[in-house]
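Novice: Quick one: this structure, given as structure tokens, is what I'll be asking you about.
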Amino acid sequence: MNYEALADILFPNIKTSAEFYIEKYPERDLSEGSIVCRYAPSPTGFQHIGGVFAALINERLATQSNGVFYLRIEDTDQKREVEGAIEDTIKTMKNFGINFSEGMISETEEIGNYGPYRQSKRIDIYQTFAKKLVSKGLAYPCFCSEEEISAIREEQTSIKATPGYYGKWAKCRENSFEDIKSHVDNGDKFILRLKSPGNIEKRVEFHDLIKGDISFPENDQDIVIIKSDGLPTYHFAHAIDDALMRTTHVIRGEEWLSSLPIHVQLFDILGFKRPNYAHIPTIMKLDGSSKRKLSKRKDAESAVSYYREEGYPMVSVIEYLLNIINSSFEEWRNENPEASYEDFKVELEKMSKSGALFDIVKLNDVSKNVICKMKPDVVYDYYINWSKDYDSEMYNLVTSNEENCKKIFNIDKEGPKPRKDYAKWNDVREKVFFFFDELFQKDSIDNLELPKNMELDEAKRVIEEYAKAYNFNDDKDTWFENLKTIAVELGYATDRKAYKKEPEAFKGMVSDVAGAVRSALAHRNNTPDLHTIMQIMGEEIVRDRFNKFISL
Ligand code: GLU
């Protein structure tokens, strides 16, 4: 067969040579050990947390090694494309502070010398390499109809043969030049298949940077490399793009691990150096006692929008993901409380090989620590940015009481055990509502929390007495002494020890009296330091709350 002539009739418009592109995209001039990697989403939906996870790992490794991290859009499945998905990807990455050094920067623009970075703009490149494979007898057109493919499958099933298009089952391998030419002249559509030289009896060895050493049978299937619409399959585009963009490390989801035999085969056949591979474990979730994949349909936390809506600072999510990537992050964070997460060195080798477990409780812990370290001004800015979009009532209240709000956000910030009230901005309202009369008045009495073992009538009696003796201007120590005096007068013990010794002798302890004051002021059992909150509220509100409580 004259393969050169065959290549010309299949790809008459392709005039460039593969060598042209190889020269056009030369080896990158980077220092030894620099990693070139990418985030390569398909624009088939909105970003989910698994995408951010993969992008973060890639970005960290590239940045840590002074390498290159680029964004490539894999839009070869045009039927599944979702409008707005590319913009969403770019915006999401930006929000998370995951920056690209190269690639798409908007739906239509890109930066860098290794583009186009959008696969649909690279058709000529793929076809040039496809043509080259045909001209060497390594790929061939297949004209089989769906019915013919089904018939092959049925026959394979009936004799229990491995399904697929390979070896003797690969009918179109045998087509003569004349057969093919008459199909083409007829305008028949075709797909291009690799004439696989693989032998299923032989194994390929591979070292995956996360999974370790793996081996698998060679690929013997004549996989599709160019689809009937002229676009490449993922496999073919992956080999061409990662070779020409000079990717050193392909770090991607483990769902691609089983395709590795195809991918290394393609790299070899095309004469490209194989990249390093690392297959990232899928993000899992504990459902009851069993693990399952985080599901786009069932789990709100799989969508990136969830974190924005709930008001997690993006850096909290990043720190949490770093915890999943390398469990040593937590210890590093404890030792380096003030450092930027960028100073932590991500290591693929230390990543868990099996499913990464996503745990919202742990995310909340991480985020509380992140927020707790922020200065009140920073908390304020974050909060107004969030509430502007998601809680306009709070936005209005907070912005019209800026000074007080910063005081609220400053409560118990210093000291060895700073308060960790908020994991996300959506938590703020419930924690601070009582500072605002507008919100406090709307709080249903059903939400009123009283000190344990204290009835409402007793709490009212306590407040009645307390209000008489309370002096707004007392400093904290005097205030507390005063509280104790009232407690004793009302029959409460001044400390736990005295109470424990003779519980029948007292109605409770001073902390119960403080609890009643807390209930009157905030309707809640858990608030920051009472003296502080009263100082922030101001005397008028404090007295008003006491009066309202007494008349409940
Ligand atoms: N477009 C592929 C996906 O979204 C990319 C996989 C890769 O990183 O190579 O799954």
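The values are calculated or read from the model by the stated rules, or taken from the named source; none is laboratory data. On a predicted model such as this, the values are computed, not experimentally measured, just so you know. Cβ coordinates were reconstructed from backbone atoms using ideal geometry, including for glycine residues, and neighbour counts include every protein chain displayed.
Novice: Considering every residue within the stretch 234-244, establish whether at least one is in a loop (DSSP other than H, G, I, E, B), within 16 Å of the ligand (Cβ to nearest atom) and either of a type outside the set (D, E) or closer than 29 Å to Y70 by Cα (or both).
Specialist: No; the residues of the stretch 234-244 include none that is in a loop (DSSP other than H, G, I, E, B), within 16 Å of the ligand (Cβ to nearest atom) and either of a type outside the set (D, E) or closer than 29 Å to Y70 by Cα (or both).
Novice: Moving on. If we only count helices (runs of 4 or more DSSP H) wholly inside the stretch 437-509, which ones have 3 or more residues that are among the aliphatic types (A, V, I, L, M)?
Specialist: Here the list reads 456-469, 476-489.
Novice: How many residues does the stretch 525-542 contain that are in contact (Cβ under 8 Å) with a residue 24 or more places away in the chain and either buried (at least 20 other Cβ atoms within 10 Å of the Cβ) or in contact with a helix residue (DSSP H, G or I) (Cβ under 7 Å, 6 or more places away or on another chain) (or both)?
Specialist: Qualifying residue count, the stretch 525-542: 9.
Residue-wise test of (1) touching a Cys at 6+ places or on another chain (Cβ under 8 Å); (2) under 19 Å from I536 (Cβ atoms).
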| site | (1), (2) |
| --- | --- |
| P376 | no, yes |
| Y380 | yes, yes |
| S400 | no, yes |
| N426 | no, no |
| E438 | no, yes |
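Novice: Then there is this: Of all the residues that make up the stretch 413-422, how many are charged (D, E, K, R) and either closer than 14 Å to V432 by Cα or in a helix (DSSP H, G or I) (or both)?
Specialist: Number satisfying all stated conditions: 3.
Novice: Kindly provide the set of residues from the stretch 245-257 that are within 12 Å of the ligand (Cβ to nearest atom) and among the hydroxyl-bearing types (S, T, Y), ordered by number.
Specialist: T247
Novice: Which of the residues spanning the stretch 205-236 are under 16 Å from V250 (Cβ atoms) and of a type in the set (A, V, I, L, M)?
Specialist: Within the stretch 205-236, L209, I210, I214 meet the criteria.
Novice: Listed residues I269, I262; which is away from the ligand (no atom under 16 Å from the Cβ), assigned to a helix (DSSP H, G or I), in contact (Cβ under 8 Å) with a residue 12 or more places away in the chain and under 25 Å from Y165 (Cα atoms)?
Specialist: I269
Novice: I've got another one for you. Can you name the residue in the stretch 137-180 that is charged (D, E, K, R) and under 44 Å from the mean Cα position of the chain (by Cα) and is also surrounded by the most Cβ atoms within 10 Å (Cβ to Cβ) among such residues?
Specialist: Per the criteria, the residue is R153.
Novice: Continuing with this model, one more query. Checking the condition within 25 Å of G198 (Cβ to Cβ) and among the charged types (D, E, K, R), which residue from K168, K121 passes?
Specialist: Step by step, each of K168, K121 is checked, and only K168 is within 25 Å of G198 (Cβ to Cβ) and among the charged types (D, E, K, R).
Novice: Let me ask another. Within the stretch 401-417, can you find the residues that are free of Cβ contacts under 8 Å to residues at least 12 places away in the same chain and on the phi > 0 side of the Ramachandran plot?
Specialist: Result: G415, single match.
Novice: Then there's this: Among the listed residues R28, R38, which satisfies the condition of being within 16 Å of the ligand (Cβ to nearest atom) and modelled with pLDDT of 95 or more?
Specialist: R38
Novice: Could you pull out every one of the helices (runs of 4 or more DSSP H) wholly within the stretch 12-120 that has 1 or more residues that are crowded, with 17+ Cβ neighbours inside 10 Å and free of Cβ contacts under 8 Å to residues at least 40 places away in the same chain?
Specialist: Helices (runs of 4 or more DSSP H) meeting the threshold: 49-64, 85-95.
Novice: Can you name the number of the only condition in (1) of a type in the set (V, I, T); (2) more than 11 Å from the ligand (Cβ to nearest atom); (3) under 27 Å from A55 (Cβ atoms) that I223 fails?
Specialist: So the condition that I223 fails would be (3).
Novice: While we're looking at this one, here's another question. Given the conditions (1) within 20 Å of R173 (Cα to Cα); (2) touching a Lys or Arg at 6+ places or on another chain (Cβ under 9 Å), which single one is not true for R246?
Specialist: Of the numbered conditions (1) within 20 Å of R173 (Cα to Cα); (2) touching a Lys or Arg at 6+ places or on another chain (Cβ under 9 Å), the odd one out for R246 is (1).
Novice: Which residue, of S150, S228, S215, S182, is of a type in the set (S, T, Y), in contact with a strand residue (DSSP E or B) (Cβ under 6 Å, 6 or more places away or on another chain) and either more than 24 Å from K273 (Cβ to Cβ) or in a helix (DSSP H, G or I) (or both)?
Specialist: That would be S228, the only listed residue that is of a type in the set (S, T, Y), in contact with a strand residue (DSSP E or B) (Cβ under 6 Å, 6 or more places away or on another chain) and either more than 24 Å from K273 (Cβ to Cβ) or in a helix (DSSP H, G or I) (or both).
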